[in-house]
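Quick notes on the structure that follows.
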Amino acid sequence: PVPFISMLFLTLLFLFLALFPGAFNCCTKISGEIPKRILRRVERFEIQKADGLCHLGAVILYIEGRKFCVSPRIRKVKKWMKKNKHKIPRKKNHGRKQRRTKIIKKKEKKQ
């Protein structure tokens, strides 16, 4: 019975990891302040909402492959995010929308 229970546990663990891949990428602690010199070196950032799998609101800053979790309430961070909106990873548009846009642009150029 012991090998069966351990196999069942491992199977359930792998199933959980497959269904919820972000479950272990959540910020669990956040910093209340961040120096400006670190903000200048940020390569990109993401916003973690306090819903779903992650129960803590945070701004995740990526610097040289490392991840820093800071409070989204820090005035300095809010101001920096507003200035650097282009650094938020965005979803790609569907191909159909892109093609339509290109076709419209071509028609406008011809007129």
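When Thr101, Thr11 are screened for being open to solvent by less than 70 Å² (accessible area, probe 1.4 Å), at pLDDT below 90 and of a type in the set (Ser, Thr, Tyr), only Thr101 passes. Among the residues of the stretch 36-48, just one is assigned to a loop (DSSP other than H, G, I, E, B) and among the acidic types (Asp, Glu), namely Glu43.
Cys54: surrounded by 12 or more Cβ atoms within 10 Å (Cβ to Cβ) and over 20 Å from His86 (Cα atoms), yes or no?
yes
If we scan the stretch 15-35, do we find a residue that is at pLDDT 80 or above, open to solvent by 100 Å² or more (accessible area, probe 1.4 Å), part of a loop (DSSP other than H, G, I, E, B) and among the hydroxyl-bearing types (Ser, Thr, Tyr)? Scanning the stretch 15-35 turns up at least one residue that is at pLDDT 80 or above, open to solvent by 100 Å² or more (accessible area, probe 1.4 Å), part of a loop (DSSP other than H, G, I, E, B) and among the hydroxyl-bearing types (Ser, Thr, Tyr).
The values are calculated or read from the model by the stated rules, or taken from the named source; none is laboratory data. Quantities reported herein were computed from a predicted structural model and do not represent experimental measurements. Reconstructed Cβ throughout: ideal geometry from the backbone, glycine too, with neighbour counts over all protein chains shown. For accessibility, only protein heavy atoms count, side chains too; no ligands or nucleic acids. Shrake-Rupley method; radii C 1.70, N 1.55, O 1.52, S 1.80 Å.
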